[in-house]
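The values are calculated or read from the model by the stated rules, or taken from the named source; none is laboratory data. Because the structure is predicted, anything quoted here is derived from the model rather than measured. For neighbour counting, all protein chains shown are included, and Cβ atoms are generated from backbone atoms with ideal geometry for every residue, glycine included.
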Number of protein chains: 2
Amino acid sequence: MNSLITRIEGHIDTLSKFTATPGKGTTRLTYSKEDRLARDYIKEKMKEYGLQVREDGFGNIFGKLEGTLEDAPSVLIGSHFDSVPNGGSYDGPAGVIAGLEVAALFAENQLTPKYPLEVIALIEEEGARFSGGLMGSRGITGLLSEEDFKNLRDKDGISPEEAMVKIGLDPSLPKKRDFQTIKAFLELHIEQGPILEEKNIPLGVVEAIVGLTQFEITVEGQAGHAGTTPMERRSDALVTAAKMIAQFPTLAIEEGDGTVMTTGQLHVYPNGANVIPKTTVFTVDIRSSKEEHIQTVIRKMKDLIESYNGDGIHISARQQLYMRPKTMNQDILTLLKQTSSALDLPYCSINSGAGHDAMVLSDFTEVGMLFIPSKDGLSHCPEEWSDSRHLANAVQVFYETAKKLTEAEEK
Amino acid sequence: MNSLITRIEGHIDTLSKFTATPGKGTTRLTYSKEDRLARDYIKEKMKEYGLQVREDGFGNIFGKLEGTLEDAPSVLIGSHFDSVPNGGSYDGPAGVIAGLEVAALFAENQLTPKYPLEVIALIEEEGARFSGGLMGSRGITGLLSEEDFKNLRDKDGISPEEAMVKIGLDPSLPKKRDFQTIKAFLELHIEQGPILEEKNIPLGVVEAIVGLTQFEITVEGQAGHAGTTPMERRSDALVTAAKMIAQFPTLAIEEGDGTVMTTGQLHVYPNGANVIPKTTVFTVDIRSSKEEHIQTVIRKMKDLIESYNGDGIHISARQQLYMRPKTMNQDILTLLKQTSSALDLPYCSINSGAGHDAMVLSDFTEVGMLFIPSKDGLSHCPEEWSDSRHLANAVQVFYETAKKLTEAEEK
């Protein structure tokens, strides 16, 4: 157990160094130089742990331990390895590391599975570069079409394929994955909230993941000189955006049940101190455990947009993502709980307020998910931290669960 | 007259090509590659028109025609040559071109002035790179200290001196100019408003320039995950900024008398779609022809800031610029009007809603300013356009005025 904790801390430390903002948290955008460095490290560890490594046409990484059954579907374990700007060291990597260390335990104990074990490291879950998020899992399940993928652009107008080629990836490799090749998916993630820490419980077995939608709103007005355009002649794209954003919290609070609404990204054009803004583009992220709340907030947001349209202002909303609230697989839930009890690890049931790749894959295969506590409930910031001992506990639970799901036997 | 118009159009066309956003208006930030190209062109034309060229420690350009009196102060004519992002071809360059063409007429008519004539091309009037604006004129008059200049940073953290060296400028050259070396300053500018066009009058003689202040407001909140942080636990830096910006137009409208208030620039950090904004930084620009209105709006803005401080939000305001409303020199005003009448050019008196380098210099020397009509009143956008015939008219008025002010005689 101690060597496992040491290895986990080594992985976390090493991966946290692959950041575009040293000293200011982890900024690892998909297909960046930092992605390349993290990718090389993950692939190297996969090989060291006896896995066969391949990448797909999105740049997702798969490390496979073959099973004895011919053409049998794999048990996948993993998460994503991109980050938000100035994020932490755990959101994503903790789950990839859990996958790697389950594979290490398979190797250490010389297990031979019937069904293959695959450690996976997915791209662009956060959507920090190309918006929308969950791109790796939406890609392999076909929810993101190859054409939609090709047409994405980052804020500098660079396409995913251009960016892939730049770090030596091959976008012509296969993209969508045959569902017949997947038996189950296990994902470990930090909670990113305060519940487990407040309850002092080391493991959360995820029962459901909240539904989530993301919009990109564009407000088009008229540019003009800040000194010579009278107030009554203005069509100010930023003032209009501000009036809407100021009202969003109320829309979420009116729904209750933990419904949340966030504008995290906003760009002003041309963005000069003495130019009336012509265009403002911003994101809207709405989440709730009940689909009806999400629908109501969308409707109220659209009414708000309608009320500000006109008088030289044109507002458009583009829905970039819509995911229903998802429940996890009951058999795997039971297995995770039994394993935790057998290992004497206290656990509780929990809902996930964040979207995860497990949410996408739950429509296509049997999915189980574990949470470990987040210090002070913080995430998406440099202060994000989880205890490596909790991570090692989750690895033990996933190891025992994966042994059962792959029907592994000792040599 | 026709050759003058042709030369003016040539200058406008050439300078408009030095843009970082071809096809999307003029984006010529101070000390950029485009600054370097425009600078080389202006210096080349100064030499062609018989002027001695020098640059100062800010990168301002001076082209001097010596006078016969020893150590006599110069009559300056010119404007700035930087632009806002995605601005037009006239705001700034029209005034520099007017200066160049007055010098060309001096050369063509072989005039020998008693007092030197100096064509000037100033940097960073717009403040698009280093904020604050009017940097060239505030620099030569000493209103911007050398230390404050050194400590400025652009959005990428680059200092003015670093940027200067990168395009081959020498920041160690003299900066502040001795007031004894300046006799008068003439500036031509496009109106950037609709009045001259609506009245169908080709020339505006500027009586006064509105006062102007600029602030940088920083809202500090707490970052967090957009899905896992309940609405009631948030300290969202963007929502708070939006609530303030949504109320700014009302503050200006309550004052009336043409008072305006603008937020043109805004940056969100970390700016990820699923991260609650930790920091929002934005500009506030307040202008009025009456100083009391500016003071009242500042007070109300500070009250607003105070009302949103607390609950995990900290807001600070840094005043970057404060200029009182300014009246132009009465003797030069009379001279400009008499000259216009003598040349049979209809003119009207007008106030300037925009700040100009002439406003800064009016505290240190005798200043006169002319406006020419702006098509549709538009400025700070690619559609900005003025008729070259109107520009040629203004050159004629400035030529006759400069002859009188420099006491020039034909050889």
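General observations
- Any hit, the stretch B:191-214, residues being farther than 30 Å from B:Ala402 by Cβ and at the interface with chain A (Cβ under 7 Å from one of its Cβ atoms): yes
- Residue within the stretch B:189-202 that is modelled with pLDDT of 95 or more and more than 30 Å from A:Arg233 (Cβ to Cβ) present: no
- Residue within the stretch B:251-271 that is within 7 Å of another protein chain (Cβ to nearest Cβ) and among the charged types (D, E, K, R) present: no
- For B:Asp35, the stated conditions hold: it is assigned by TED's automatic domain parsing to the domain that holds B:Glu126, under 18 Å from B:Ala121 (Cα atoms), out of contact with any Cys (no Cβ under 7 Å at 6 or more places or on another chain) and acidic (Asp, Glu).
- Of all residues in the stretch B:315-338, those being closer than 26 Å to B:Arg233 by Cβ and surrounded by fewer than 17 Cβ atoms within 10 Å (Cβ to Cβ) number 1.
- Out of B:Glu101, B:Glu9, one residue alone is part of a helix (DSSP H, G or I) and surrounded by fewer than 21 Cβ atoms within 10 Å (Cβ to Cβ). It is B:Glu9.
- Condition met for B:Thr283 (closer than 14 Å to A:Pro277 by Cβ, touching a Lys or Arg at 6+ places or on another chain (Cβ under 9 Å) and facing chain A (nearest Cβ under 8 Å)): no
- Counting the residues of the stretch B:113-147 that are over 18 Å from B:Phe364 (Cβ atoms) and not in a loop (DSSP other than H, G, I, E, B) gives 4.
- Residue check for A:Gly221: facing another protein chain (nearest Cβ under 8 Å) and surrounded by 19 or more Cβ atoms within 10 Å (Cβ to Cβ): no
- The listed residue being assigned by TED's automatic domain parsing to the domain that holds B:Thr280, among the charged types (D, E, K, R) and assigned to a helix (DSSP H, G or I), out of B:Asp331, B:Asp303, B:Asp376: B:Asp303
- Residue identified as assigned to a loop (DSSP other than H, G, I, E, B) and of a type in the set (Phe, Trp, Tyr) among A:Phe371, A:Phe364: A:Phe364
- Pick from the stretch B:42-78, criterion within 16 Å of B:Ala408 (Cα to Cα) and hydrophobic (A, V, I, L, M, F, W, C), ranking: surrounded by the fewest Cβ atoms within 10 Å (Cβ to Cβ): B:Leu69
- Counting the residues of the stretch B:371-389 that are surrounded by 24 or more Cβ atoms within 10 Å (Cβ to Cβ), away from chain A (no Cβ under 13 Å) and either out of contact with any Ser or Thr (no Cβ under 8 Å at 6 or more places or on another chain) or β-branched (Val, Ile, Thr) (or both) gives 1.
- Of all residues in the stretch B:109-153, those satisfying the criterion of being free of Cβ contacts under 8 Å to residues at least 40 places away in the same chain and surrounded by 17 or more Cβ atoms within 10 Å (Cβ to Cβ) are B:Leu144, B:Leu152.
- Hits in the stretch A:76-93 - residues which are away from chain B (no Cβ under 13 Å) and of a type in the set (Ser, Thr, Tyr): A:Ser79, A:Ser89
Residues are listed down the side, and each one gets a yes or a no for (1) in contact with a strand residue (DSSP E or B) (Cβ under 8 Å, 6 or more places away or on another chain); (2) more than 17 Å from B:Val275 (Cα to Cα); (3) in the same structural domain as A:Gly355 (by TED's automatic domain parsing):
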position	(1), (2), (3)
A:Ile182	yes, yes, yes
A:Phe185	yes, yes, yes
A:Lys199	yes, yes, yes
A:Ala237	yes, yes, no
A:Glu254	no, yes, no
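- Looking across the stretch B:379-402 at every residue that is assigned to a loop (DSSP other than H, G, I, E, B) and acidic (Asp, Glu), the one that is farthest from the chain's Cα centre (by Cα) is identified as B:Asp387.
- In the set (1) basic (Lys, Arg); (2) within 7 Å of chain B (Cβ to nearest Cβ); (3) over 20 Å from B:Thr240 (Cβ atoms), A:Lys243 fails one condition alone, (3).
- Filtered residue count, the stretch A:160-196, keeping only those that are acidic (Asp, Glu), more than 20 Å from A:Leu321 (Cβ to Cβ) and surrounded by 19 or more Cβ atoms within 10 Å (Cβ to Cβ): 1
- The condition of being away from chain B (no Cβ under 14 Å) and under 30 Å from A:Glu410 (Cα atoms) holds for only one of A:Ala163, A:Ala104, that being A:Ala104.
- Tallying residues that are hydrophobic (A, V, I, L, M, F, W, C) and within 19 Å of the chain's Cα centre (by Cα) within the stretch A:314-332 yields 3.
- Of the criteria (1) out of contact with any Asp or Glu (no Cβ under 9 Å at 6 or more places or on another chain); (2) part of a loop (DSSP other than H, G, I, E, B); (3) in contact (Cβ under 8 Å) with a residue 60 or more places away in the chain, which one A:Asp344 fails: (3)
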